[in-house]
Amino acid sequence: MAQIATALPVPKLFNAKNAGVWSYRPDQRAVFNTANDWKRQYQLKASGLDVLKVMLLLIDLQKDFCFPEGSLFVGGRSGRGAIDDSARIAEFIYRNLNMLTSIATTLDTHFAYQCFFPSFWNDESGQPLQPFDVIMGNLDIMRAGVCVGKASVNPSAASVVAHGDYVTLQKQMAYYCQELDKGGKYNLIIWPEHCLLGSDGHVLAGVIHEARLFHAYARASQSLSEIKGGSPYSENYSVLRPEVMTTFDGQPLPGVQKNVKFIKTLLAYDRVIIAGQAGSHCLKSSTEDFLEEILIQDKSLARKVYVLADCTSAVTVPDGSGGFIVDNTPNMEAAFAQFANAGMNIVKSTTPIQDWPGFMH
């Protein structure tokens, strides 16, 4: 039975204001009951009966990214970026329940000692680096665009992740920074501690969890989650692969590999819709890597990908005076242009899904 692309109403249990409330926890029993009522009232079919298989891929919609109280809030230029994005994403899910076969959420998942955290590095005086410091390929520490010395691995990090082999870990990290330079995407950014496994900031924003659970019950579709980011040796912006996967002497990096299973899952869907945080980093990298896999298979498959431009924001760091110390919005906009040029569709969640280019055909 084919899906009918008619927008559904938004259930009363959804309140867009909750997208800005860190403490909001949905009533999961109420979600279950309301979703079953919705299924009967609107005659929603089990997702397994969908003729057009549609995946909604939600990138890192976790509390540390989605709220000002989080350690790495994605505020964008408006200062409300991820809050407004979460509200729009949840509403998009409710209105298009009958069209979404599956929803997959990625979960950035970190530990105390990883190469992009202050705990991993020291400056020349033996002090930890600061959040938003950048380490260049020659191990120069750039702070607000100025070189302030050389970085070296914290010996404590070597004891935690390398059995105390400081020399080998220092070689690996020097190689890692050089490889990032060659790759041309990012240098090594030292991030504030975020999405630590077991922390409040690791879990999904409440309105997102509520909406995906509602979809699961209304459409008889298991909620999917993809964990990423656990290696101490590499950043993992993309859900499909880490930034670097080899050691300085050419061997596979332990515990680091391409997510082949999920790549196959995405390629099997007729349509893939992408939203989430941040448009300048994890969403950007995930979409870039998906495009790379598409080009290997068949470049025409790019037409089946839809990026929700109004459901993602860029990483910014306000300067307190109305400007920004860091503004990654141009990187996000350039990535969207790249995706469109490759044949992907840049769309808005507020445009009826049946009006998206080629979606129903």
Counted residues in the stretch 168-197 being touching a Gly at 6+ places or on another chain (Cβ under 7 Å) and among the β-branched types (Val, Ile, Thr) come to 0
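Kindly establish whether Ile273 is at negative phi and crowded, with 22+ Cβ neighbours inside 10 Å. Break it down stepwise before answering.
Numbers: at negative phi: yes; crowded, with 22+ Cβ neighbours inside 10 Å: yes.
When the stated conditions are applied, Ile273 passes them.
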When the stretch 223-244 is checked residue by residue, the ones that are assigned to a loop (DSSP other than H, G, I, E, B), out of contact with any Lys or Arg (no Cβ under 7 Å at 6 or more places or on another chain) and either of a type outside the set (S, T, N, Q) or without any contact (Cβ under 8 Å) to a residue 24 or more places away in the chain (or both) are Gly229, Gly230, Pro232, Tyr233, Glu235, Tyr237, Pro242, Glu243, Val244
Taking the stretch 312-355 and keeping residues under 27 Å from Leu301 (Cβ atoms), assigned to a loop (DSSP other than H, G, I, E, B) and without any contact (Cβ under 8 Å) to a residue 24 or more places away in the chain leaves Thr351
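For every residue, the table says whether it meets (1) buried (at least 24 other Cβ atoms within 10 Å of the Cβ); (2) over 25 Å from Leu100 (Cβ atoms).
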| position | (1), (2) |
| --- | --- |
| Leu52 | no, no |
| Leu56 | yes, no |
| Asp64 | yes, yes |
| Gly75 | no, yes |
| Ser78 | no, yes |
| Ile89 | yes, no |
Scanning the stretch 297-327 residue by residue, those over 22 Å from Ala337 (Cβ atoms) and β-branched (Val, Ile, Thr) turn out to be Val317, Ile325
Restricted to the stretch 92-137 and to residues being charged (D, E, K, R) and surrounded by fewer than 20 Cβ atoms within 10 Å (Cβ to Cβ), the residue farthest from Arg271 (Cα to Cα) is Glu124
Filter result for Ser199 (in the same structural domain as Val239 (by TED's automatic domain parsing) and modelled with pLDDT under 95): no
Within the stretch 254-282, the residues that are part of a loop (DSSP other than H, G, I, E, B), touching a residue at least 24 places away in the same chain (Cβ under 8 Å) and of a type outside the set (Gly, Ala, Ser) are Val256, Asn259, Tyr269, Asp270, Gln277, His281
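Can you tell me which of Ala335, Ala302, Ala340 is within 15 Å of the chain's Cα centre (by Cα) and either at pLDDT 95 or above or not assigned by TED's automatic domain parsing to the domain that holds Ala104 (or both)?
Values: Ala302 fails: within 15 Å of the chain's Cα centre (by Cα); Ala340 fails: within 15 Å of the chain's Cα centre (by Cα).
Sole residue among the options that is within 15 Å of the chain's Cα centre (by Cα) and either at pLDDT 95 or above or not assigned by TED's automatic domain parsing to the domain that holds Ala104 (or both): Ala335.
What number of residues within the stretch 344-361 are surrounded by 17 or more Cβ atoms within 10 Å (Cβ to Cβ) and in contact with a strand residue (DSSP E or B) (Cβ under 8 Å, 6 or more places away or on another chain)? Reasoning before the result, please.
Just the residues of the stretch 344-361 that are surrounded by 17 or more Cβ atoms within 10 Å (Cβ to Cβ), to begin with: 344-345, 347, 349, 353, 359.
From the residues that got through so far, the ones that are in contact with a strand residue (DSSP E or B) (Cβ under 8 Å, 6 or more places away or on another chain) too are 344-345, 347, 349, 359.
Residues that pass the stated criteria total 5.
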Per the list (1) more than 24 Å from the chain's Cα centre (by Cα); (2) within 25 Å of Gln354 (Cα to Cα), residue check on Met55 breaks on (1)
Picked from the stretch 214-260 (must be touching a helix residue (DSSP H, G or I) at 6+ places or on another chain (Cβ under 7 Å) and of a type in the set (Lys, Arg)), the residue surrounded by the most Cβ atoms within 10 Å (Cβ to Cβ) is Arg219
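Which of the residues spanning the stretch 160-188 are of a type in the set (Val, Ile, Thr) and either in the same structural domain as Val326 (by TED's automatic domain parsing) or touching a helix residue (DSSP H, G or I) at 6+ places or on another chain (Cβ under 8 Å) (or both)?
Filtering the stretch 160-188 down to residues of a type in the set (Val, Ile, Thr) leaves 160-161, 167-168.
Matches in the stretch 160-188: Val161 only.
In the stretch 178-210, how many residues are in a helix (DSSP H, G or I), surrounded by fewer than 20 Cβ atoms within 10 Å (Cβ to Cβ) and not acidic (Asp, Glu)?
Of the residues in the stretch 178-210, the ones in a helix (DSSP H, G or I) are 178-183, 200-202, 206-210.
Cutting the leftovers down to surrounded by fewer than 20 Cβ atoms within 10 Å (Cβ to Cβ) gives us 178-179, 181-183, 200, 202.
Among the residues that remain, those that are also not acidic (Asp, Glu) are: 178, 182-183, 202.
Residues meeting the conditions: 4.
The values are calculated or read from the model by the stated rules, or taken from the named source; none is laboratory data. Fair warning: this is a prediction, and the values are worked out from it, not measured in the lab. Ideal geometry is used to build each Cβ from the backbone, glycine not excepted, and the neighbour counts take in all protein chains shown.
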